[in-house]
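Here is the structure we will look at, set down as structure tokens.
Just so it is clear, none of the values below were taken in a lab; they were calculated from the coordinates. All of these numbers come straight from a predicted model, not from anything done at the bench. When we count neighbours, we look across all protein chains shown, and the Cβ atoms used for this are built from the backbone with ideal geometry, even at glycine.
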Amino acid sequence: QVQLVESGGGLVQAGDSLRLSCAASGLTYSSYGMAWFRQAPGKERDFVAGMQWNGGSTAYADSVKGRFTISRDNIKNTVYLQMNSLKGEDTAVYYCAARAGTGLPWPVIPSKYEYWGQGTQVTVSS
């Protein structure tokens, strides 16, 4: 019943910007925590950014601070990940995830999230 659908990935050059979208259905955003993860081939799925839906608090991995921004649109039930100054190291499949509750500390491991999207590929040519 809960569905998360990512979109917006693609092939870009280093230094370019890209915005990913996560359209959600079947859940109440006000009581959920949202996050973006990414996974490159042969590597673990890593936390990228998280957000408390109602409060607007955010958390970021050190590797993307100052470059990536997580945001949401309540009306559209959509979470975004704005990625600026992209690097080759950002190449990965990006996943949208959701969990019930928004308590702290902010969870950064995949097992803490109940719902996942199918992923969208981001490839940065360096």
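Worth a mention:
- Computed from backbone phi with θ = phi - 60° and the Karplus coefficients 6.51, -1.76 and 1.60, the 3J(HN,Hα) list for segment 100-105 is 6, x, 10, x, 9, x Hz; x is used for glycine and proline.
- Summing charges over all other residues whose Cβ lies under 11 Å from the Cβ of GLN39, with Lys and Arg as +1 and Asp and Glu as -1, gives +1.
- For peptides 86-93, 99-106, 44-51, 72-79, sequence by mean Cβ density within 10 Å, most packed first: 44-51, 86-93, 72-79, 99-106
- Dividing the radius of gyration of the alpha carbons in segment 53-126 by their Kirkwood radius gives 0.95 for Rg/Rh.
- Per-bin percent of Cα-Cα distances, the chain [10 Å]: 14, 50, 31, 5
- Cβ-based net charge around ARG67, under 12 Å, with every Lys or Arg adding one and every Asp or Glu removing one: -2
- When only the Cβ of Lys, Arg, Asp and Glu is charged (+1, +1, -1, -1), the dipole of segment 26-81 relative to its Cα centre reaches about 100 debye.
- Segment GLU44-THR28, extension gain: residue separation times 0.36 nm, minus the distance between their alpha carbons: 2.9 nm
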